[in-house]
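Report on the following structure.
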Amino acid sequence: MPVVQFAPFSSLVQPGFWHELTRLKIDVLRLSDESLTVNGSYSVGRSVRDRETGQDVALGCNLVLGAAAFEQPSQVPPMSVAIRGVFKNYNTIEEFKVADKASIFNEVTNDMWNSIVESKDASKLTQFLLLTFSDLKKYQYYYWFAFPAFVAKPAWEISTEGWKAADHELNASQLTSIFESLHAQTKPFFLVKLTGDAAKVHPMDEADVFFASDSPDSTIVGFLDPSASPDNPGWPLRNLLTYLQTLYPSKTTSVRILCWRDGELPVAGRAWKSRFGVVASGGDRQTVKPTAVGWERHPTTNKLTARMADLAPMMDPTRLADQAVDLNLKLMRWRIIPSLDLEKIARTRCLLLGAGTLGCYVARTLMGWGVRTITLVDSSRVSFSNPVRQPLFDFDDCLNGGKPKAACAAEHLKKIFPGINATGYNLSIPMPGHPIPVSSREQTQKDVELLEKLFDEHDAIFLLMDSRESRWLPTVLGAAKNKIVLNAALGFDTYVVMRHGARAAASAPNFQRLGCYYCNDIVAPTDSLTDRTLDQMCTVSRPGLAPIAASTAVELMVSLLQHPDGIHAPPPPPQSTTANDIESESASNSVLGLVPHQLRGFLAQFRTLPVTGAAFDGCTGCSEAVINVYEKEGFAMILRACNETGYLEVLTGLDKLYMEGDAALESVDWEEDE
Amino acid sequence: MEESSLESVDNASAAATTLAGGVLCHQYVVLSPTFKVPTFYFSVHDFSGAPLTLTEVLQLPLFRRDAFEGAQVTTFSVQQSSASFPLLSFGDHPALNVHCWYLHPCGTSAAVEEILDAADADEEQRHLRWLEAWFTLLSSLLDLRG
């Protein structure tokens, strides 16, 4: 006859258990690793119907631990059984690994054996053991359950008929009265006496009486069965059989077993779930404690190893912040614009040249869009006038000469959102019209190398500096390396926000390229900073202007990113500023709407004007003439551009343009009024 | 951390039937004190007690396959597509003090009223009809079959 295969317990822990353990460890246990009593529970085995195959799938033979595990006494609903367990929490992973597990296991099995031979108490037949190590910094919990069960030698065997449905052995009214009795007072183990068509449930402590009588055929041994597998009775039956065989050996060579699995009365048409079988053993009565098994095997590897519950994603505050921001952005996509590519925005690495008013507001808005990499570059320190207008600095940052702006801004970004990858570089950008002294040449060359590396490592660059000429080198680098360049500049109550067009070498031959910051100006960048009066040296703007311009620049970038052509996106056709035009599927629209080339804002009129500027082939910033020389000569060319007046004009042919212009002026015959 | 010598293989133990990738989902219907409408809360964790992350939650069969594509709901939703997905939010269960996901109730009242107006419900049965309509609304997003 086949050996009975018992379904082992599978642990099912609820998050509340780990939260409660954490609280207990911090408040009560601290470093103690004394044994505690905890409570788990099991209920009748359940299965679900797989919607796709139509098959019933048995759910595990589960022992459940929840937040109430540490409470005494334990309360369970009907048709569930409370089980006590021995619990030990170790303070280090090493202690957890080297703990004498066999010894602790033996303590539990000794207790169970004594309850059989000395106290004849069936209530202690099902116990468990739980060893844990809680890594509270990482929110990870290592744990190992054991469900000790005595090994019968020889093993119990099931009759050749096998396990069958309970209603093949008992009729509906018998099953119903068993159900009602168990529902009113749930017992893990019980005896059923059949008299004619009736069935009566008796507690296991009446076993003496039952087994003393001479008609074992009308006695059925029942247990609340957490297993749902048709041919595998649940684990608690093992120790019950050991109990019966030890105490009533002559009456239990063959035992009729009812595996109770009906948590509710079956609804019309459905069968009873309980199972019935006859098991037999050729064994003698046990006089010494049998060996026991029951350490839980890892569910995926089936090896005897501990398990780990990783609660970091939902308990680590940094991960929670991460998730909240992510959810917020996803909601925007689900509710408003399903085709929004949020991942593309998040992975766009942004380099911000300038960490002043524009830089701070751009960084903030980028974080709102979920951008994960923001790098800031600035050469100055936080000064006392900064915090009120630059929202990444506060008063303390101004003291002692002031913290370097770029690094300070990056730190503040991390304080706002720990998941941000923010870095700050203290770097000066060389500018045409500001000759580089020989003593600084080496340092400047290193700075330029770093700047070039930063350009290579980022996808979008924001030019947010406070002078015109400082934007020259970044314009050249951005054009050469085909990066997205956003430019924002402030006047007192006016601003310009624009995106640079792609370089000619990267564009289709007849494509109408868009210009850069210098394309519309036929003047090469020169020194505009020296000899200015105080009010001209710092750009004094209406305070509301910078946030408007900064957020406009970010939204322009995001709209650009959503356009299939990216940096080559064409500007909107003229007069396309009404709502109707935005709806239409124009080639110049992204899912977010227009992707203008330039936006000029006039705060005095609360007006914004989209402008399109074509690229100028003689531009000192983005023409192929300039870029090619830079690519060939590198730093040497930059040096000349900064040191030599007129170098860029000659390079681009602007000098000839001036001569032509002067000549044209000269040749005009001004009529003098008489 | 394997300790294969801890116990010998026992031929009376069946293989454990833990479903790979099984999760436990608790679902609740709670009255929102602010919005005075029923709100659907749920929490879901794996068998080791680790709650699922947002990415894993979105893959649950609990959500209908088209739930996140901005698909239009049925005829009763005459609002713009902005109302097609109730806000999935994360917060505390009002009574049980556990972290839960929930469908934000702010748009519920309006959406249910749409259904009721269209169905021409009689006054006596209004509360029952209200709840039925609420479940209809919910099941356009969630697959609540057991």
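The values are calculated or read from the model by the stated rules, or taken from the named source; none is laboratory data. Remember, predicted model here, so these are calculated numbers, not experimental data. Cβ coordinates were reconstructed from backbone atoms using ideal geometry, including for glycine residues, and neighbour counts include every protein chain displayed.
Just one of the listed residues (A:ALA207, A:ALA228, A:ALA271) is buried (at least 16 other Cβ atoms within 10 Å of the Cβ), assigned to a loop (DSSP other than H, G, I, E, B) and in contact (Cβ under 8 Å) with a residue 24 or more places away in the chain, and it is A:ALA228. Against the conditions (1) away from chain B (no Cβ under 11 Å); (2) modelled with pLDDT of 90 or more; (3) within 15 Å of A:LYS289 (Cα to Cα), A:SER119 satisfies every one except (2). Residues in region A:606-640 that are out of contact with any Pro (no Cβ under 8 Å at 6 or more places or on another chain) and polar (S, T, N, Q): A:THR608, A:SER623, A:ASN628.
Residue by residue, here is whether (1) surrounded by fewer than 16 Cβ atoms within 10 Å (Cβ to Cβ); (2) over 31 Å from the mean Cα position of the chain (by Cα) holds:
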position: A:GLN5; (1), (2): no, yes
position: A:GLU20; (1), (2): no, no
position: A:LEU59; (1), (2): no, no
position: A:PHE70; (1), (2): no, no
position: A:SER80; (1), (2): no, yes
position: A:ALA102; (1), (2): yes, yes
position: A:ASN114; (1), (2): yes, yes
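Selection of region A:278-294 for residues being among the polar types (S, T, N, Q), modelled with pLDDT under 90 and exposed (fewer than 15 other Cβ atoms within 10 Å of the Cβ) yields only A:THR287.
Any idea how many residues of region A:131-159 are part of a strand (DSSP E or B), in contact with a helix residue (DSSP H, G or I) (Cβ under 9 Å, 6 or more places away or on another chain), more than 10 Å from every other protein chain (Cβ to nearest Cβ) and aliphatic (A, V, I, L, M)? The total comes to 1. Taking first residues from region B:90-113 that are within 14 Å of B:PRO33 (Cβ to Cβ) and partners that are aromatic (Phe, Trp, Tyr), the Cβ contacts under 6 Å between residues at least 6 apart in sequence or on separate chains come to B:HIS93/B:TYR41; B:TYR102/B:TYR41; B:PRO105/B:PHE35. A single entry from A:THR645, A:THR652, A:THR608, A:THR612 fulfils the requirement of being buried (at least 19 other Cβ atoms within 10 Å of the Cβ) and among the β-branched types (Val, Ile, Thr): A:THR652. None of B:LEU103, B:LEU52 is on the phi < 0 side of the Ramachandran plot, within 14 Å of chain A (Cβ to nearest Cβ), modelled with pLDDT of 85 or more and touching a His at 6+ places or on another chain (Cβ under 7 Å) except B:LEU52. Listed conditions (1) within 45 Å of the chain's Cα centre (by Cα); (2) aliphatic (A, V, I, L, M); (3) farther than 25 Å from A:SER80 by Cα are all met by A:ALA280, apart from (1). Filtered by the rule that a residue be part of a loop (DSSP other than H, G, I, E, B) and either aliphatic (A, V, I, L, M) or over 22 Å from A:GLY234 (Cα atoms) (or both), region A:290-304 gives a lone residue, A:LEU304.
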